[in-house]
1. Could you figure out which of (1) within 27 Å of Glu275 (Cβ to Cβ); (2) surrounded by 15 or more Cβ atoms within 10 Å (Cβ to Cβ); (3) of a type in the set (S, T, N, Q) isn't true of Asn220?
2. When you scan the range 1-100 for helices (runs of 4 or more DSSP H) that lie fully inside it, which ones turn up with 2 or more residues that are without any contact (Cβ under 8 Å) to a residue 40 or more places away in the chain, charged (D, E, K, R) and surrounded by fewer than 21 Cβ atoms within 10 Å (Cβ to Cβ)?
3. Which members of the range 236-266 meet the condition of being away from the ligand (no atom under 16 Å from the Cβ) and more than 18 Å from the chain's Cα centre (by Cα)?
4. Which of the numbered conditions does Ala138 fail, given that it passes all the others? Conditions: (1) modelled with pLDDT of 85 or more; (2) surrounded by 12 or more Cβ atoms within 10 Å (Cβ to Cβ); (3) not charged (D, E, K, R).
5. Quick check on my filter: what residues within the range 303-327 are surrounded by 14 or more Cβ atoms within 10 Å (Cβ to Cβ) and either in contact with a Gly (Cβ under 8 Å, 6 or more places away or on another chain) or assigned to a loop (DSSP other than H, G, I, E, B) (or both)?
6. Quick one: count up the residues across the range 271-311 that are near the ligand (Cβ under 9 Å from one of its atoms), β-branched (Val, Ile, Thr) and within 16 Å of Ser338 (Cα to Cα).
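The values are calculated or read from the model by the stated rules, or taken from the named source; none is laboratory data. Everything quoted here is computed from the prediction, not taken from an experiment. So basically every Cβ, Gly included, is an ideal-geometry build from the backbone, and we count neighbours across all protein chains shown.
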Amino acid sequence: MTDKLNVLLIEDDDVDREAVHRLVGDKYQLLDAETGTQGLEVFRSQKPDCVLLDYRLPDMDGLDVLDQLAKVDAPVVMLTGIGTTAVAVEAMKRGAQDYLSKEAITEQSLSRAVANAVEKVSLQRKLLAKQEELQQFAHIASHDLQEPLRTITGFCELLQLDYQGKQLDDRANEFMGHIVAGAKRMQTLIIDLLNYSRVDSEDKPLEAVDCVPVVEQALNNLQGAIRECQATVTHDSLPTVMANRSQLVQLFQNLIGNAVKYRGDTPPEVHVMAESKPSETLFCVKDNGIGIDDKYSDRVFQIFRRLHSRDQYSGTGVGLAICKKIVELHDGRIWFESQLAQGSEFFFTIPTLYRAD
Ligand code: ADP
């Protein structure tokens, strides 16, 4: 056994392979593969700590090999040639941790790239494991808490029904009312926590989604609230993005729902727009409601954090936390700009994905 890192070099060119061997010396345990297929086989059987991957291979495109390796979160450093900046950029987008130009490669740059790639992937794995643990905790806790709560609410309601106006005096009735209301409130919180924990990346793979029917679906789900306050909701022409459809409906529904709920004295006017840029699509949901103070820019996206009491506006403070989770699962960002008493604009981005096909 050795403490040295196992590094797999997938490279078909003898001269280039020799050059890497010389630079590495005996720093790593180098495994060699000359084709993409062979490289993937060695990767599966030997599970190396890091992969150095040539961008051009005899049997497969280096980027296709990278796609396979990225699926299992392998730390990959792409080796590129002269004039292949576009390949390098593409490789980073598709999950390579770093790239090195073969012409400029040095012992130092090579070992730094390998060390960084290994470290980055190890951190990502730890973070993912923590997230999964938390997710599971929230799911189990909210699921199991529902059962005793149902018992409390059920029996309180029975007590209320059976004893109302009989043995219990007004004060006892009032207390009973508080217990039922509290238990119901807790039930809503638990259901929302469960909804929050259910939003996850395993849900469904990303697909090309036309945003017009998505927004229309969200409006349909909100039709009661929209009609009730005579809100006008409009949208520009909206693009197709790579996303999880049901999560995107939920995202628009929560943002438009809030735009209608946090209205001022005039009937709500809500507008949805999008701007397509090369690397991402920027969406905006704009309202003419009560606005939010800038100082709450982080707080509103935290779970169960609200700026208003329940008497003013109903809610549990989960809506925007779900929005943030959905946007971040798509590798996007979410934020707002607002003027108190004038209105708010909620922005989010969905990155453009380049697919292998
Ligand atoms: P909830 O609506 O259940 O309170 P959210 O997470 O959706 O939960 O929102 C958190 C807080 O952000 C709300 O309590 C509200 O104070 C504020 N907020 C969200 N959207 C808007 C909006 N469009 N205009 C004004 N305030 C908003």
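1. For Asn220, the exception is condition (2).
2. Helices (runs of 4 or more DSSP H) meeting the threshold: 14-24, 36-46.
3. Asp236, Ser237, Leu238, Pro239, Thr240
4. With respect to (1) modelled with pLDDT of 85 or more; (2) surrounded by 12 or more Cβ atoms within 10 Å (Cβ to Cβ); (3) not charged (D, E, K, R), Ala138 is out only on (1).
5. If the condition is that a residue be surrounded by 14 or more Cβ atoms within 10 Å (Cβ to Cβ) and either in contact with a Gly (Cβ under 8 Å, 6 or more places away or on another chain) or assigned to a loop (DSSP other than H, G, I, E, B) (or both), then Ile303, Arg305, Arg306, Leu307, Tyr313, Gly315, Thr316, Gly317, Val318, Gly319 are the ones that fit.
6. 4
Quick grid of which residues meet (1) modelled with pLDDT under 85; (2) within 15 Å of Val327 (Cα to Cα); (3) among the aliphatic types (A, V, I, L, M):
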position: Asn173; (1), (2), (3): yes, no, no
position: Gln187; (1), (2), (3): no, no, no
position: Ile190; (1), (2), (3): no, no, yes
position: Lys204; (1), (2), (3): yes, yes, no
position: Ala208; (1), (2), (3): no, no, yes
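Listed here are the residues, each with its yes/no results for (1) buried (at least 16 other Cβ atoms within 10 Å of the Cβ); (2) closer than 26 Å to Lys261 by Cβ; (3) free of Cβ contacts under 8 Å to residues at least 40 places away in the same chain.
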| position | (1), (2), (3) |
| --- | --- |
| Leu145 | yes, no, no |
| Arg150 | no, no, yes |
| Lys166 | no, no, yes |
| Asp170 | no, no, yes |
| Glu174 | no, no, yes |
| Ala183 | yes, yes, yes |
| Val199 | yes, yes, no |
| Asp210 | no, no, yes |
| Gly224 | no, yes, yes |
